[in-house]
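Accompanying notes for the structure given below.
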Amino acid sequence: MSPRSASVNEELRRRSRERLLQATVELVAERGFEATTLGDIADRAGTARGLVSYYFPGKRQLLQSAVHRLMHLTLEAALERQPRPDGPDAGRELMARAIDAILGLAMERPRLMRTHMAGILQAEGFVQCAEQQRLAELLRDTVVRYGSADVDTDYPLLRALLMGAVVAVLLPGAPMPAARLRAELFQRYGLDWELGVPPDGGPPGGTFPSPRQR
């Protein structure tokens, strides 16, 4: 039997890593961070326990990579959803989709996203991994297509605003309504409420009109 080629080995490693990331998302959402062990993750992924340590230095780093993968896949799907936006307002539609995608994750997976944000606020901060870089590329490209004249300033600002909105949605004991946060972000970027995936019920009372509505 001939040995596998380098490209086949690389593909097998990629698939094993992705299975570990997916298993982490599933288990932490089901059980919580503390109740999920690296052995549990390896078992769910169908891989050897040693592979977890081979790819990731620890459980916290594994979780960050797993959530960043979930975020970039969710964001990519939202941006690529048919019909694809075009014309002069395409950038505004893409910005609306990006905001809705990230806020949607906070609403749909609160335990997972709360755990993720808590880890980011610890000493380790962001894990610089392929998943985080892909997420950054998608957000930065959204800022470019929105029409930013200063992407190096506007991209970090968008990232910070989205992180702040996610924290506000998930704040224990005093969460902010997602619709209110969406309205504020839409106002900040001059987006009409109907763009993206507007929630039922229309904009919340007291929302200021966007610049295009004034």
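The values are calculated or read from the model by the stated rules, or taken from the named source; none is laboratory data. Predicted, not measured: the structure shown is a model, and the values here were computed from it. FYI the Cβ positions are ideal-geometry reconstructions off the backbone, even for glycines, and counts take in every protein chain you see. We work out accessible area using only protein heavy atoms, side chains counted, and drop any ligands, DNA or RNA first. Shrake-Rupley method; radii C 1.70, N 1.55, O 1.52, S 1.80 Å.
Quick notes on this structure:
- Set ASP100, ASP43: member being under 30 Å from GLN187 (Cα atoms), part of a helix (DSSP H, G or I) and of a type in the set (D, E, K, R): ASP100
- Filter pass, ARG212 being modelled with pLDDT under 95 and basic (Lys, Arg): yes
- Residue in segment 108-126 that is of a type in the set (Phe, Trp, Tyr), at pLDDT below 95 and over 25 Å from VAL144 (Cβ atoms) present: no
- Condition broken by ASP150, with the remaining ones in (1) modelled with pLDDT of 95 or more; (2) surrounded by 14 or more Cβ atoms within 10 Å (Cβ to Cβ) satisfied: (2)
- Selection of segment 157-198 for residues being within 15 Å of GLY104 (Cα to Cα), surrounded by fewer than 18 Cβ atoms within 10 Å (Cβ to Cβ) and of a type outside the set (A, V, I, L, M, F, W, C) yields GLY164, PRO175, PRO177, ARG180, PRO198.
- Test: residue in segment 68-88 that is of a type in the set (S, T, N, Q), over 23 Å from TYR146 (Cα atoms) and open to solvent by 10 Å² or more (accessible area, probe 1.4 Å): no
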